[in-house]
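K.L.:
The structure that follows is given in the form of structure tokens.
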Amino acid sequence: MRSLLITRRGVATAIVATAIVAGLGACGATRPGSQASPPGRGTTTATPPASPPTTSPSPSPSPSPHPPATSSAVPATSPAPPASSPPASATSPAEPGLRPVTGWLAGKDWTVIPTGRRVVALTFDAGANADAVPSILATLRREGVPATFFLTGNFVRDFRAAARSIAAAGFRIGDHTVSHPYLTKLSDAAVRQEVLGGAAQITAVTGQDPAPLLRFPFGDASARVIAIANQAGYVPVRWTIDTLGWEGTAGHITPAVVVSRVLDAARPGAIVLMHVGSNPDDHTAYDAGALPAVISGLRAQGYSFVTLDALTG
């Protein structure tokens, strides 16, 4: 409060003007139920590249239990860093123990690693079943290729041995929520529970803290759920290329189609979406079958492989 005192002809007249500004507080540390993040995985203070790209708008949710068949087109880029302020609808204060994402990583569902280097991130979503986990792990080990696996809480609950084998092999694990719902249809509190609950289950079963990596089920995103994820300490990561291997024979997909979709759309910093499960109808696992040729084809084009820690630092 401030007061301005004006004196005229010996008579003092007081005029008082009051302004109240409300702000949000944010606390920092580790997520509930998780161990302290190892170096390079905890938060979001990485220095941004000279020209971080702006992601393309989120596609409409697919009715399929798998991520939607998005285009592999390269997202548009912008010379200006993305805005770091979340929308007002999701700016509730962070819970104690959480370290919100701020700066250049905030406010986006990332579709590409912003780099000019010829690197590609292979990522595998795990939800419906674990049928192809042994084959995928064997190929990655044999080829010496790092990868990132996004697990749901229900997956680690139902396929504990498979989840632990992924962690034991040293692969990076990210959060794919508890039950793989359409997050945009949930309340703020329910979105936070899906994100933080999934992380707690993953940590309890595998011993790995998935933070700050998060993938939205179905690629179903909005400014509101991105802001909630950022407040909870997570960076949402989508994909550049969807192999569509999850569609199986019903989608007229074959291992050769999977390979061509990846090799034709490869670009520096590309994020490739694959799955560890088989199609629930025809039990095909085309991503696993195509993986050796995907790896050899990318190497022939001069690409090497990174995990999504290359994005978050």
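K.L.:
Lys and Arg at +1, Asp and Glu at -1: add these up for the other residues within a Cβ distance under 14 Å of residue 135 and post the number.
P.N.:
Net charge in that neighbourhood comes out at -1.
K.L.:
Which net charge results when you count Lys and Arg as +1 and Asp and Glu as -1 among the other residues whose beta-carbon is under 14 Å from that of residue 108?
P.N.:
With Lys, Arg at +1 and Asp, Glu at -1, the neighbours total +2.
K.L.:
Let me ask another. Under a crude label model (7 Å from the Cα following the beta-carbon direction), how far is residue 169 from residue 304 in nanometres?
P.N.:
2.1 nm
K.L.:
By counting other Cβ atoms within 10 Å of each Cβ, how are 143, 194 ranked from fewest to most?
P.N.:
Ordered from fewest to most neighbouring Cβ atoms within 10 Å, 143, 194 come out as 143, 194.
K.L.:
Now, a different point. Local charge sum around residue 249 (other residues, Cβ-Cβ under 13 Å, Lys/Arg +1, Asp/Glu -1)?
P.N.:
The answer is -3.
K.L.:
Right, next: Which distance in nm do the two modelled labels at residue 118 and residue 264 give, with both placed 7 Å along the Cα-to-Cβ direction?
P.N.:
Distance between the two pseudo-spin positions: 2.1 nm.
K.L.:
Highest first, please rank the peptides 157-170, 198-211 by the mean number of other Cβ atoms sitting within 10 Å of their residues.
P.N.:
198-211, 157-170
K.L.:
Could you line up 176, 252 from fewest to most neighbouring Cβ atoms inside 10 Å?
P.N.:
Ranked by crowding around the Cβ, least crowded first: 252, 176.
K.L.:
Compute the separation of the alpha-carbon centres of the stretch 105-175 and the stretch 207-226 and state it in Å as a whole number.
P.N.:
Here the two parts' Cα centres lie 14 Å apart.
K.L.:
Order by neighbour count: 149, 218, fewest other Cβ atoms within 10 Å first, most last.
P.N.:
Sorted ascending by nearby Cβ count, the order is 218, 149.
The numbers here are math on the coordinates, done by the rules we state, and not lab data. Everything quoted here is computed from the prediction, not taken from an experiment. Quick reminder, even Gly has a Cβ in these numbers, built from the backbone with ideal geometry, and neighbours come from all protein chains shown.
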